[in-house]
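Laboratory data are not the source of any read-out in this text; all were calculated from the coordinates shown. Computed from a predicted structure; not experimentally measured. Cβ atoms come from the backbone with ideal geometry, glycine included; neighbour counts cover every protein chain shown.
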Amino acid sequence: MARTQAEPPASQPDARAAWLRDQLERANYAYYVLDQPELPDAEYDRLFVELQQLEADHPELVTPESPTQRVGGEVASGFTPVVHAMPMLSLNNGFEDEDIVAFDKRVADALDKAADLAGTVTDPVGYACELKFDGLAISLRYEHGVFVQASTRGDGTTGEDVTENVRTIRSIPLKLKGADLPAVLDVRGEVLMFKRDFARLNERQRAAEQREFANPRNAAAGSLRQLDPKITAQRPLSFFAYGIGVLEGAAMPDTHSALLDWYEALGLPVNRERAVVRGADGLLEFFRKIGEKRESLPYDIDGVVYKVNRRDEQERLGFVSRAPRFALAHKFPAQEALTTLVAIDVQVGRTGAITPVARLEPVFVGGATVTNATLHNEDEVRRKDIRIGDTVIVRRAGDVIPEVVGAVLDRRPEHAAEFVMPTECPVCGSKIERLPDEAIARCTGGLFCPAQRKQALWHFAQRRALDIDGLGEKIIDQLVELNLVRTPADLFNLGFATLAELDRFAEKSAQNLLDSLEKAKHTTLARFIYALGIRHVGESTAKDLAKHFGSLNPIMDASIEELLEVNDVGPIVAESIHQFFAEDHNRTVIEQLRAPGKVTWPEGPPAPKAPQGVLAGKTVVLTGTLPTLTREAAKEMLEAAGAKVAGSVSKKTDYVVAGAEAGSKLAKAEELGIPVLDEDGLHQLLEGHAP
């Protein structure tokens, strides 16, 4: 789309009005015709309200094609136009409590006036309250109970024929229930996509290496307006009925709530989150209740809708040019807004994860002012093509951390700069690494990095590591925040007086922790390796490393090739271990830990090299229960023959030995075409008779 003209100031009303009309029409075209929204709802609403006010102040500026004089978008050329027998109008919007009070007063005043002429007194106005779905409005036509046509709202007067696509939506009945069905019934409602269905659809899009949808609304609109109904049939669309157009051959229900009840009886899907209330207080209470449960709803909504409940009162109130006087949409604080991306910094998490963070021009979104938003990881920045200097869409829903949804490419400045992931941790200066097949880059200064300090200390003290009883998270928080402990080695420098001064830490607790620290000085090599918190190194791998090398120095100096000789250590684990010990900061902390008077463990010679038996260089996986051999016995026999016994099946697996009740490993082997042996086959293999 072409770049827009420069934004004129408010002091030039003619130019400002023309610019606003251009912005809104461009947004309408992108939203309704291209299904590629450019403006968040809040930004569109802001521009629309400004144009309304400008035209009210300067009536000579109103033009027939102004967005304030119409409802929505244009008809896409690929669909047959449908002229609505009764227009599908939009609703006026309210944003603040004061807007709702004013709406109720306008309605009450108008109805009181009508009532006064008849000599009657009116009670507080009754309203039907519903949800405002974030989807695509459509009209369904039934003739004598049979579905015959579906059309989109379009510009409110003329929509698009989507009959064949709508037939694929299973929640929409092709024949209504009951007897004495109306000759003609136009049902108004919303096509939408539930959150769970949206997630599954995007999973399929990713698997097929196709573009993902930005949100459920885009997915619903794009799915409904496919030229090929077969594609729509594959998309999980849903529908809720909420209004009526033409009705012939049946009596119109007296109230809107009765209309929805009738729809339910006919077999049409109607949302249950609705109520009938009286006056402004009732409206605001409904809004608050829905707001509290909004995030837990299985679909997206962007507000609620209030309609005068009695049909005769609706008729008395009538319509303005683009909306009914008897209804109002009460919108939640916008969940998306536009702002400028000023910079991209990186943040170091407790586990060393490096996360790009957007620094933004302050913007009010989701009920709060946002200045920072997550960009998740480097791949997400690349996929969304987000650059420093861009105008970006920021989303904040409920308590969810704000995120940058994407960039408005049409507004990209020439100087916009691509993000470059740093090579060193901004906190400690250690190398940043990203292992193959991982989306997250990480700081390698695990024992040294202040950003990872609390996590490193907590892991170091775990029962299965050095087992420092009494060193819980709250104590660690105090020690770190008071700068008493920076690395695990500092724990062993703590004294009684220091500990006794900690908040809620009595003398007995201080002595107990000192006793635990003294006990922790005497451990095993396997426990010490596990306590270091090396990524991908669990208890089992730590034991294998200790058994294979016998002492710590050979592990610290081992090459990746030497590490790969350890049982169950693959390329990713070997790379992680090698990188950890290659970091000088980690080596410094280790030397501090094993200094005289600190942590000690018995060391021994490395395990003898496995004999070059008949299975040297082969990888075998055991699964299920063998008739006579235990898992451990079978493993020892295989290792004695030179085989490596792995815990999972991969393309590098040579054989799988399967017994009774073999599970997913057997299925994986069959999928990969790996030879599967029973116990007899295992014995033959050990004798050198390969299958």
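Using the Karplus relation 6.51 cos²θ - 1.76 cosθ + 1.60 with θ = phi - 60°, the per-residue 3J(HN,Hα) values for the range 183-190 come to 5, 9, 9, 9, 9, 9, x, 10 Hz, with x marking Gly and Pro. Annotation: lysines with alpha-carbon distance below 29 angstrom to Lys618 (same-chain offsets under eight excluded): Lys543, Lys547, Lys609, Lys635, Lys644, Lys651, Lys652, Lys665, Lys668.
Computed over the Cα atoms of the range 93-331, the ratio of the radius of gyration to the Kirkwood radius (Rg/Rh) comes to 1.00.
Applying both filters, DSSP loop and at most 13 other Cβ atoms within 10 Å, to the trypsin sites (Lys or Arg not before Pro) of the range 258-288 gives Arg272. At full extension, Lys519 and Ala497 could sit 6.0 nm farther apart than now, given 0.36 nm per residue minus the alpha carbon distance. Its Cα gyration tensor gives the range 336-418 an equivalent ellipsoid; the semi-axes, largest first and in whole Å, are 19, 17, 10.
A simple packing score, the average count of other Cβ atoms within 10 Å per residue, orders the peptides 52-59, 512-519 as 512-519, 52-59, with the highest score first. Modelled this way, with points 7 Å down the Cα-to-C-beta line, the labels at Lys598 and Asp678 are 5.7 nm from one another.
The sum of -39500 (n - 2.57) across all DSSP H runs of n ≥ 4, divided by the residue count of the chain, sets its helix-only mean residue ellipticity at 222 nm to -10000 deg cm²/dmol.
The average projected area of the range 421-510, computed from the convex hull of its Cα atoms over all directions, is 7.0 nm².
When the Cα centres of the range 203-223 and the range 491-517 are compared, how far apart do they sit, in Å? Between the Cα centre of the range 203-223 and that of the range 491-517, the gap is 56 Å.
A simple spin-label model places the labels of Asp437 and Gln234 2.8 nm from each other, with each point 7 Å out along Cα-to-Cβ.
Among beta bridges identified by DSSP and lying wholly in the range 336-418, the antiparallel ones come to about 95 percent. Within the chain, DSSP assigns beta bridges of which about 85% are antiparallel (rounded to the nearest 5). Comparing Ile468, Asn586, Pro605 along the charge dipole axis of the range 422-608, the residue lying farthest to the positive side is Ile468, per the Cβ-charge model. Assuming charge only on the beta carbon of Lys and Arg (+1) and of Asp and Glu (-1), the dipole of the range 619-686 about its Cα centre is about 320 debye to the nearest 20.
Residues within the reach of a label modelled at Asp112 (point 7 angstrom out along Cα to beta-carbon, backbone nitrogen below 19 Å), restricted to the range 289-317, are 308-310, 313-314, 316-317.
Quick one: of Lys431/Lys521; Lys289/Lys331; Lys195/Lys293, which pairs are farther than 18 Å apart, Cα to Cα?
Violating the 18 Å limit, Cα to Cα: Lys431/Lys521.
Summary of the geometry: the range 272-338 and the range 445-466, compared by the centres of their Cα atoms, lie 52 Å apart. Measuring from each cysteine beta-carbon in the chain, the ones with no other cysteine beta-carbon under 4.7 angstrom are Cys129.
Using the average count of surrounding beta-carbon atoms within 10 Å as a protection proxy, the listed peptides 153-166, 366-379 rank, highest first, as 153-166, 366-379. Can you tell me the FRET efficiency between Arg383 and Ser509 if r is taken as the Cβ-Cβ distance and R0 is 51 Å, rounded to the nearest 0.05? In this case the efficiency is close to 0.50. For the pair Asp345 and Arg200, a Förster radius of 45 Å applied to the C-beta separation gives a FRET efficiency near 0.85, rounded to the nearest 0.05.
Any idea what % of Cα-Cα pairs in the chain are farther than 37 Å?
For the chain, the share of Cα pairs beyond 37 Å comes to 58 percent.
Cα centroid separation, the range 240-267 to the range 611-643: 72 Å. 3J(HN,Hα) couplings calculated from phi for the range 501-506 with the Karplus curve 6.51 cos²θ - 1.76 cosθ + 1.60 (θ = phi - 60°) are, in sequence order, 8, 5, 4, 6, 10, 6 Hz; Gly and Pro show x. Our summary gives the chain a relative contact order of 9 percent, counting only alpha carbon pairs under 8 angstrom and 6 or more residues apart. In the chain, if the dipole is taken from +1 on Lys/Arg beta carbons and -1 on Asp/Glu beta carbons about the Cα centre, which of Asn271, Leu328, Tyr306 is farthest to the positive end? Ranked along the dipole, the leading option is Asn271.
With the simple model of a label 7 Å out from the Cα in the direction of the Cβ, Glu687 to Ser551 spans 4.5 nm. Taking N as the residue count of the range 422-608, its C-alpha radius of gyration divided by 2.2 N^0.38 Å amounts to 1.05. If R₀ is 22 angstrom, what is the calculated FRET efficiency for the pair Asp22 and Glu414, using the beta carbon separation as r and rounding to 0.05? Plugging the Cβ-Cβ distance into 1/(1 + (r/R0)^6) gives 0.50.
Kindly identify the range 478-589 as rounded, prolate or oblate by the Cα gyration tensor criterion: order the square roots of the eigenvalues as a ≥ b ≥ c, call it rounded if a/c is under 1.5, otherwise compare a/b with b/c, prolate if a/b is larger, else oblate.
The shape class here is prolate.
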